[in-house]
Amino acid sequence: MSIFEDIKENITTRQVAERYGIAINRNGMCRCPFHNDRIPSMKIDKNFYCFGCGEKGDAIDFVSKHFGLSPKDAALKICEDFGLNASTNYHAPPKYTSPPKSNEQLFREIEKHCYLVLCDYLHLLEKWKTEYAPKDENHEWHPYFCEALKEIDLIENLLDTILYGNISDRAFLITNYGRKVIDIERRMEQLR
Ligand SMILES: [Zn+2]
């Protein structure tokens, strides 16, 4: 087993990020160390993906970028810091209990998260559309009412894509609207 395979099987990006001092919240998100990130934009588990700058990869990629090391040196650093033997005959059992997540599982988790956030937001917009509707023609439109009119169609489309879209449409959505979902999530937390 090569050290690359050894790390891939035994160490998650989440473990290395935590080890090197990156705070990860309960949704598995952290502030991206690779761009100037004010709010957590990076989903981090076995692999990582940043909604803000698009950086992605596995634990070795993360350490390599974070410390400016070649992939080989990053792998050696992980072996050293996690007590993995960098020699070829290393067969220690995994150090964590839950199985590592594949890219596909990570994608599904991100997608599910987006879906839940967008559902919440859609419900709120529908409520605003009735509650803040202008009482008569002379009333100025309430900003919440305007937002509802402006956003409901888009949010419904995004939810339809997650539910019924093919894989490339769904991947496009995550890449292009991930940032918007994070902004919505943050705003909903403030409104609560
Ligand atoms: Zn980033």
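Taking the alpha-carbon centroid of each part, what is the distance from segment 1-47 to segment 49-87 in angstrom?
9 Å
Got the relative contact order for the chain handy, in percent, Cα pairs under 8 Å and 6 or more residues apart?
The normalised contact order for the chain reaches 18 percent.
For a label point 7 angstrom out from the Cα of Ile152 toward its Cβ, which stretches of segment 102-124 have the backbone nitrogen within less than 12 Å?
122-124
Return the lysines within reach of Lys129: Cα separation strictly under 29 angstrom, same-chain partners fewer than 8 residues apart disregarded; answer none if there are no such residues.
Straight-line reach from Lys129, under 29 Å: Lys112, Lys150, Lys180.
Quickly estimate the mean residue ellipticity at 222 nm for the chain, helices only: each DSSP H run with n ≥ 4 gives -39500 (n - 2.57), and the total goes over all residues, rounded to 500.
-19000 deg cm²/dmol
When the chain is fully extended, how far beyond the present Cα-Cα distance does Ile39 get from Glu126, taking 0.36 nm per residue of separation?
28.6 nm
Please give me, ordered by residue number, the trypsin sites (Lys or Arg not before Pro) of segment 1-70 that lie in loop per DSSP and have at most 12 other Cβ atoms within 10 Å.
For trypsin sites (Lys or Arg not before Pro) across segment 1-70 that sit outside H, G, I, E and B with at most 12 neighbouring Cβ atoms in 10 Å, the list reads Arg26, Arg38.
Could you rank the peptides 110-117, 182-189 by their average count of other C-beta atoms within 10 Å per residue, with the highest value first?
The peptides rank, most packed first, as 110-117, 182-189.
Find how much the distance from Lys56 to Ala23 grows on full extension, using 0.36 nm per residue of separation minus their present alpha carbon separation; answer in nm with one decimal.
Full extension from Lys56 to Ala23 adds 10.1 nm.
Pairing the Cα long axis of helix 143-164 with the longest principal axis of the chain, what angle in degrees results, from 0 to 90 and rounded to the nearest 10?
50 degrees
Give me the extension gain from Leu116 to Asn85: residue separation times 0.36 nm, minus the current Cα-Cα distance, reported in nm with one decimal.
Value of the extension gain: 7.0 nm.
Among the trypsin sites (Lys or Arg not before Pro) within segment 114-159, which fall in a DSSP loop and have no more than 10 other Cβ atoms within 10 Å of their own Cβ?
Sparse-neighbourhood loop trypsin sites (Lys or Arg not before Pro): Lys135.
Consider a paramagnetic label point 7 Å from the Cα of Arg186 along Cα→Cβ; state which residues of segment 1-42 have an amide N under 20 Å from it.
Counting backbone N atoms under 20 Å from the label point, the list is 22-42.
No lab work stands behind these numbers, since they all come straight from the coordinates. Just so you know, these numbers come straight off a predicted model, no measurement behind them. Methodologically, a virtual Cβ is constructed for each residue, glycine included, from the backbone with ideal geometry; neighbour enumeration extends over all protein chains shown.
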